[in-house]
1. Looking only at region 119-152, count how many residues are within 19 Å of residue 84 (Cβ to Cβ), in contact (Cβ under 8 Å) with a residue 12 or more places away in the chain and surrounded by fewer than 15 Cβ atoms within 10 Å (Cβ to Cβ).
2. Give just the number: which of (1) free of Cβ contacts under 8 Å to residues at least 12 places away in the same chain; (2) surrounded by 13 or more Cβ atoms within 10 Å (Cβ to Cβ) does residue 26 not satisfy?
3. Of the residues that make up region 105-118, is at least one within 22 Å of residue 147 (Cβ to Cβ), under 15 Å from the mean Cα position of the chain (by Cα) and in contact (Cβ under 8 Å) with a residue 40 or more places away in the chain?
4. Given the criteria farther than 27 Å from residue 116 by Cβ, in contact with a helix residue (DSSP H, G or I) (Cβ under 8 Å, 6 or more places away or on another chain) and in a helix (DSSP H, G or I), does residue 41 qualify?
């Protein structure tokens, strides 16, 4: 997934996210920092939201069932990867990939998973802590092998 595709996805879901939360257009626009007129244009699919608006929606509504069903578990993780191309974080606990993830490969105590919605990859350890995320499968597999070798 690239940034433009992500912007399109979130733009198309903004009305549903607003309605899910029970907000008026005026309140939603105020929360995400745009004019009501701009929000109406986005919701009618006349324009796309800007990158910063998409970041605001993903951050402020990250628990939205609509948002999670559209892109999977953690919308902020997707935003970070699109901004930085990959994420090498200190260990961060995940839910283990029981819902939106498929197992790709395993090495030692680590496993590589791919998100079924966004198609990005992540590496988890045996306790479901996330060590790495990227849209690049080759880099993710390389990092999986490096992590497995370093932990031995």
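Read-outs: derived from the displayed coordinates by stated rules, not from any lab. Please read these numbers as outputs of a predicted model, since none were measured by experiment. Cβ atoms come from the backbone with ideal geometry, glycine included; neighbour counts cover every protein chain shown.
1. 3
2. Result: residue 26 fails condition (2) only.
3. yes
4. Details: farther than 27 Å from residue 116 by Cβ: yes; in contact with a helix residue (DSSP H, G or I) (Cβ under 8 Å, 6 or more places away or on another chain): no; in a helix (DSSP H, G or I): yes.
No.
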